[in-house]
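The next block holds one structure in the form of structure tokens; read it before the comments.
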Amino acid sequence: MIRVTLISAAALVGAMGAYADEKTTFADVDTNADGVISASEFIAHKTADGKYTEVEAAAKFEEAAGMDGQITEADWEAMKAERKADKADSTGDTNW
């Protein structure tokens, strides 16, 4: 009984973490409010919960930032749209 409860609690915490990440806004990550997300802001956000290492977060930043080395709000919205499309493709669900 305790084992089932622990597994259920772990699943709930994981689901809540995924939900919280989906609801992160551009402003949540752009901590200095200069209109762009820098590498340090992105890495701090991605590593805060321990889900990603600094190396993993830096690689994600490089992929998202492209040649200019920063993430604009337009880049952020494009990443969200891509994630939504990927999620729909993998689950067959078009609702996010």
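Every number in this text was worked out from the coordinates using simple rules, so none of it is lab data. Here the structure is a predicted model, which means the values were calculated and not measured.
For the range 60-69, 3J(HN,Hα) computed residue by residue from phi via the Karplus equation (6.51, -1.76, 1.60; θ = phi - 60°) reads 5, 4, 4, 5, 6, 6, x, 5, 7, x Hz, glycine and proline entered as x.
Rounded to the nearest Hz, the phi-derived 3J(HN,Hα) couplings of the range 71-88 under the Karplus curve 6.51 cos²θ - 1.76 cosθ + 1.60 (θ = phi - 60°) are 10, 8, 5, 5, 4, 4, 5, 5, 5, 4, 5, 5, 4, 5, 5, 4, 5, 5, where x marks glycine and proline.
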